[in-house]
Amino acid sequence: MANVAIIGAQWGDEGKGKVVDWLASRADIVVRFQGGHNAGHTLVVGDTTYKLSLLPSGVVRGKLGIIGNGVVLDPDALFSEIDKVRAQGLDVGPHNLRLAENTPLILPLHPALDRAREAARGEDKIGTTGRGIGPAYEDKVGRRSIRVCDLAEPETLSAKLDELLLHHNSLLRGLGSPEFEKQPLLDALLALAPRLLPYAEAVWETLDAARIDGKRVLFEGAQAVMLDVDHGTYPYVTSSNTVAGNAAAGAGVGPNAIGTVLGIAKAYATRVGSGPFPSELFDDTGKLLGERGHEFGTVTGRPRRCGWFDAAMVRQAVKIGGVNGLVLTKLDVLDGLPELQICVGYRVNGVAMKRLPAGMRAQAAAEPIFEVMQGWAGSTRGARSYAELPAEAVKYVRRIEELVEAPVMMLSTSPDRDDTIALRDPFAG
């Protein structure tokens with residue numbers, strides 16, 4: 001049986017949490033391989049709703065959860081989330097949650113710099129969550145990160161803080177923001193060590209042992225391909241590589257261990273924050289999609305921008321992300337709409353294109369080319385087989401498959417875990 005990697009095929013918020021939860025029942029280990037607590041996954045299990053940002057979704061199902069080295073970790077956010085799910089009855093601790101010892105930490109100076117930069121950008125702000133994700137990744141690439149393993153070495157910790165503060169205080173001073181002192185940060189990190197270090201280990205060894213034992217691993221991505229720092233709508237992107245290829249580097253496994261790649265996409269499109277969105281709707285239909293789909297960010301609570309399904313963009317995500325099959329979510333939100341539109345390409349300065357160009361001005365100038373389809377009068381909500389879907393809904397799904405050049409392996413027809421139509425077994429390879 002193969003492993004499975006799950007990534008977003010749009011701009012995030014596609015419903016990955018439910019899909020991971022559904023697949024986790026058949027996996028042995030669930031691994032988060034990138035991002036930070038700027039991503040939110042909502043899981044509905046019976047009458048209980050879990051909102052996760054850092055914890056791998058498998059912990060809800062009692063699976064071993066691993067936070068990989070590709071994540072940037074805010075320890076306060078992690079323990080706050082652990083306390084929250086424990087209060088909901090989940091048993092989470094070092095026995096079922098492991099943390100890569102080489103994971104970079106987010107310190108209080110990171111969100112401070114994040115927010116100061118956004119304020120300085122004014123109307124040109126990127127739309128970050130202000131949680132320090134970008135600055136933490138910058139420190140990682142700049143080779144000045146404080147990592148989990150450093151908490152076991154007080155002298156290393158002290159020396160690294162000197163270098164970190166030299167860099168960050170210079171930036172904060174230039175932006176007119178308060179600077180940080182070393183001793184309070186050092187004291188806080190030393191106090192944190194006995195609490196965080198029991199979770200830490202060389203998780204690459206754990207995953208290699210799982211490979212030898214034939215265990216199934218689910219790699220859980222955050223955000224989505226079009227927010228990838230290399231391949232997304234730059235600079236309106238996140239600060240990590242969100243494509244499935246990064247599951248290997250961000251977890252500590254070989255590329256051949258990733259297995260089947262599932263791309264999650266809504267049956268329409270949404271985006272949080274700034275950046276291009278060619279198929280965005282500004283009319284009553286866009287408002288209706290937002291209301292029906294409860295389109296508010298899990299982490300920030302910000303309302304999501306809504307629009308028609310962008311097949312050209314998802315096709316691009318399929319090619320770049322190595323997607324073997326799609327999981328189409330929230331099909332029920334389209335119930336009752338007399339007419340649907342699918343973006344099949346763009347017109348950029350008078351030139352028709354099947355892909356979203358890389359340049360900022362070109363992306364901003366992209367006008368959608370729409371294909372019109374008939375909607376359906378019946379309901380898809382709660383459907384658990386293709387036979388329960390209206391004929392027009394099946395045609396809509398089939399047309400999406402043709403346009404994005406990938407099969408739909410699964411359909412989600414409500415937030416409930418079991419309202420899922422599985423057309424192929426992703427773990428079968």
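Dipole check for the stretch 279-333: with +1 at the C-beta of Lys and Arg, -1 at the C-beta of Asp and Glu, and the Cα centre as origin, the magnitude is about 240 Debye. If you line up the long axis of helix 391-404 against the longest principal axis of the chain, both from Cα atoms, how many degrees apart are they, to the nearest 10? Approximately 60 degrees, to the nearest 10. For the pair the stretch 1-55 and the stretch 404-426, the centres of their Cα atoms are 14 angstrom apart.
Size of the stretch 276-385 from its Cα atoms: along the principal axes, largest to smallest, the extents are 40, 31, 30 Å.
The angle separating the long axis of helix 75-87 from the principal Cα axis of greatest extent in the chain is about 60 degrees.
Is there a pair in K51/K84; K125/K266; K287/K330 whose C-alpha atoms are over 21 Å apart, and which pairs would that be? Distance filter (> 21 Å) returns K125/K266. Dipole size of the chain about its Cα centre, with +1 on Lys/Arg Cβ and -1 on Asp/Glu Cβ: approximately 500 debye, rounded to the nearest 20. Highest mobility in the GNM of the chain, judged by mean-square fluctuation with C-alpha springs under 10 Å and restricted to T233, T42, T206, is found for T206.
When N counts the residues of the stretch 382-421, how does its alpha-carbon radius of gyration compare numerically with 2.2 N^0.38 Å, as a ratio?
Values: Rg = 10.5 Å, N = 40, 2.2 N^0.38 = 8.9 Å.
Relative to the 2.2 N^0.38 Å estimate, the stretch 382-421 comes out at 1.17.
How many angstrom separate the Cα center of the stretch 239-308 from the Cα center of the stretch 192-238? Taking the Cα centre of each part, the stretch 239-308 and the stretch 192-238 sit 18 Å apart. In the distance distribution for the stretch 195-341, Cα-Cα pairs more than 28 Å apart total 31 percent.
Normalised per residue, the accessible area of the stretch 357-429 is 49 Å², obtained with a 1.4 Å probe and no contribution from ligands, DNA or RNA. Surface listing: H41, H231 arranged by accessible area from highest to lowest gives H231, H41, probe 1.4 Å. Only helical runs count toward this figure. For the chain, summing -39,500 (n - 2.57) over DSSP H runs of n ≥ 4 and dividing by all residues gives -9500 deg cm²/dmol at 222 nm.
For the stretch 1-121, the solvent-accessible area of protein heavy atoms averages 29 Å² per residue (probe radius 1.4 Å; ligands and nucleic acids excluded). Computed over the stretch 313-429, relative contact order equals 32 percent, with contacts defined as Cα pairs under 8 Å that lie 6+ residues apart. May I ask what percent, to the nearest 5, of DSSP beta bridges between residues of the chain are antiparallel? Taking every DSSP beta bridge within the chain, about 45 percent pair in antiparallel fashion. Centre-to-centre, using Cα atoms only, the stretch 338-384 and the stretch 98-160 are separated by 37 Å.
For the stretch 10-68, the dipole from Cβ point charges (+1 on Lys and Arg, -1 on Asp and Glu) about the Cα centre works out to 120 debye, to the nearest 20.
Comparing mean-square fluctuations of N349, N38, N96 from a GNM of the chain with C-alpha springs under 10 Å, the top value falls on N349. How much of the DSSP beta bridge set in the stretch 280-429 is antiparallel, as a percent to the nearest 5? Roughly 75 percent of the beta bridges in the stretch 280-429 run antiparallel, per DSSP. Rolling a 1.4 angstrom probe over the chain with all protein chains present gives an accessible area of which 50% lies on carbon and sulfur atoms.
Explain nothing, just the number: relative contact order of the chain, from Cα pairs under 8 Å at least 6 residues apart, as a whole percent. The partial results should precede the final answer.
Details: 964 pairs, mean separation 86.9, N = 429.
With pairs under 8 Å counted, the relative contact order is 20 percent.
Relative to the longest principal axis of the Cα atoms of the chain, the long axis of helix 311-321 makes an angle of roughly 40 degrees. Annotation: the antiparallel percentage among DSSP beta bridges lying fully within the stretch 1-145 is about 35.
The values are calculated or read from the model by the stated rules, or taken from the named source; none is laboratory data. Predicted model, so just to flag it, every value in this text is computed and none were measured. Cβ: placed from backbone, ideal geometry, glycine included. Neighbour counts: every protein chain shown. Heavy atoms of the whole protein, side chains included, go into the accessibility calculation; ligands, DNA and RNA do not. Shrake-Rupley method; radii C 1.70, N 1.55, O 1.52, S 1.80 Å.
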